[in-house]
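This report refers to the structure that appears directly beneath it.
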Amino acid sequence: MRSEGATAAADWRDEIFAALKAADIRQVGYVPDAGHARLIELCRADPDIRTVSLTTEEEGIALAAGAWLGGQRCALLMQSSGVGNCINMLSLPKACRFPLTMLVTMRGEWAEFNPWQVAMGSKTQAALELMDVLVYRAEQADDVAETVTAALDIAFNGSLVTAVLLAQRLIGAKQWVK
Amino acid sequence: MSTRPGDNHPRMDRRAAMHTLLAKRDGLLLVTGLGSTTYDAAAVGDNDANFYLWGAMGGAAMIGLGLALARPDRRVLVVTGDGDMLMGLGALATIGVQRPPNLTIAVFDNGRYAETGMQASHTDTAVELTGVARSCGIEAVFDLYHEAALAEFAGLVHSAHETLFARVAIRADEPPRVLPTRDGVFLKTRFRHALGVE
């Protein structure tokens, strides 16, 4: 049971940030996404986290491998459409057993305005699982912190790649006409 | 058929070039791209602080970036080929934004995909990697086609206070392959042991 005050204050984006800090994540690679905007801001403002803006998501898979070689933990933030870009580069953590957690904001699955997002959004989980990434979904705000923490734990305790899909229903459909 | 400006310069022997870059190792951390640069590094001599890629094409420079950011106390050298660099050209933009002072990217450029039958790469006729690196915000950029200049650059790798990028002009030949282990888990764990983080 949480107090009312805590419930009001706790935003799932802030809870992801707290989970990243608790897991000692020191590098965060990202391709910007509206659903990750607040989390990106929190990471950028933290002096102990180096944020790396990427031109394409697979750069982040290689960045994370380099970070781990040097003794640091790295997490990646991306949108579901970016998962497809990662497929071949995921052979790197698979061949070498590099740990990594990817936080993926979903598009193309809930009240999506743009049909071009549906092609990759509907195959995001399958694409990750094709490369043996362990996939977890967070559908509701209350699930997010626990799910992200669990995904980080498994990844860094077991030298595995995990992904948390943050459901589009959780994030809210993108407003196209403002 | 146009040729790229500067194409009439001499080109170096790739094995000699790798020898020169690694002559004074001094704790240098090395990442090599899949294919010939991995064989070149192995030919110079295996080292616990070598991380050889056998795949992940396009990823060498970004691995170097993650490593350089994680270990500001150490010098990181990425040596990869023009094909790998071209596949991950966006990495130069990302590195241009970050510019860690302990990172050097050296591209062995023979204008060829040596591994797959010596097909021409984009650098053979059109793309100047030095210009790309400069445009991406990397200020210390070198076009090297003489051993003497390469030797000077090898010293700079240990003393520079900014990200370095070098295009190393090498001949399109295939020296005998020297193959390091392909066991990625072993390479990773050995590297981390050498750094004291495993």
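Rule-based calculations on the coordinates, nothing more; no lab input. As the structure is a prediction and not an experimental result, all values here were calculated from the model. Because the Cβ atoms are built from the backbone with ideal geometry, glycine has one as well, and the counts that use them run over all protein chains shown.
Details
- Fluctuation leader among A:R50, A:R13, A:R107 - chain A, Gaussian network, Cα springs under 10 angstrom: A:R50
- Working note: Cα atoms of the range A:1-107, range along each principal axis, descending, whole Å: 47, 32, 26.
- In plain terms, the residue of B:V31, B:V107 with the fewest other Cβ atoms within 10 Å comes first and the most crowded comes last, giving B:V107, B:V31.
- Per-residue ³J(HN,Hα) for the range B:155-171, Karplus 6.51 cos²θ - 1.76 cosθ + 1.60, θ = phi - 60°, Hz, x for Gly and Pro: x, 4, 3, 8, 10, 5, 10, 8, 5, 10, 10, 9, 9, 9, 6, 10, 6
- Fewest-first ordering of A:I171, A:I25 by other beta carbons within 10 Å of each residue's beta carbon gives A:I171, A:I25.
- Computed over the alpha-carbon atoms, the range B:47-131 gives an Rg to Rh ratio of 0.98, Rh here being the Kirkwood radius from the mean inverse distance.
- Whole-number Å³ per residue for the convex hull built on Cα positions in the range A:48-117: 101 Å³
- Think of the range A:70-167 as a dipole: +1 on every Lys or Arg Cβ, -1 on every Asp or Glu Cβ, centred on the Cα centre; then among A:T124, A:P93, A:M78, A:P93 lies furthest on the positive end.
- Within the listed set B:L67, B:L144, B:L156, the Gaussian network model of chain B (springs between alpha-carbon atoms below 10 Å) gives the highest mean-square fluctuation for B:L156.
- Set of aspartates and glutamates with alpha-carbon distance to A:K21 below 19 Å, sequence-local pairs under 8 removed: A:D11, A:E41, A:D46, A:D48, A:D142, A:D143, A:E146, A:D153
- In sequence order, calculated HN-Hα J values of the range A:22-30 (Karplus, 6.51, -1.76, 1.60; Hz; x Gly/Pro): 5, 8, 6, 6, 10, 10, 10, x, 8
- Against the empirical 2.2 N^0.38 Å (N residues), the range B:100-173 has a Cα radius of gyration ratio of 1.16.
- Considering only B:G59, B:T189, B:P175, and ranking their Cα positions along the charge dipole of the range B:14-195 that arises from unit charges at the beta-carbon of Lys, Arg, Asp and Glu, the one farthest toward the positive end is B:T189.
- Taking amide H as placed 1.01 Å from N in the peptide plane, the amide H of A:T105 sits under 5 Å from that of A:M78, A:Q79, A:S80, A:L166, each at least 5 places away or on another chain.
- Spherically averaged projected area of the range B:1-94 from its Cα convex hull (nm²): 7.4 nm²
- Histogrammed with a bin width of 5 Å, the alpha carbon distances of the range B:98-137 distribute as 6, 19, 23, 22, 14, 12, 6, 0 percent, first bin at zero.
- For A:K21, B:K188, order by how many other beta-carbon atoms lie within 10 Å, fewest first: A:K21, B:K188
- Hull shadow area, averaged, the range A:12-171 [alpha-carbon convex hull, nm²]: 8.1 nm²
- q = 0.06, 0.08, 0.10 Å⁻¹, the protein assembly as shown: log10 I(q)/I(0) [Debye, one scatterer per Cα]: -0.24, -0.42, -0.63
- Distance cut-off 18 Å, percentage of C-alpha pairs in the range A:94-140 lying past it: 37 percent
- Cα-based Rg and Dmax for chain B, where Dmax is the largest Cα-Cα distance (Å): 15.4, 53
- Under the Karplus curve 6.51 cos²θ - 1.76 cosθ + 1.60, θ = phi - 60°, whole-Hz ³J(HN,Hα) for the range B:76-83, x wherever Gly or Pro sits: 10, 10, 9, 10, 9, x, 5, x
- Residue-count net charge about B:G184 - beta-carbon cut-off 11 Å; Lys, Arg +1, Asp, Glu -1: +4
- Reachable aspartates and glutamates from B:K188, criterion Cα separation under 17 angstrom, eight or more residues apart if same chain: B:D46, B:D48, B:E198
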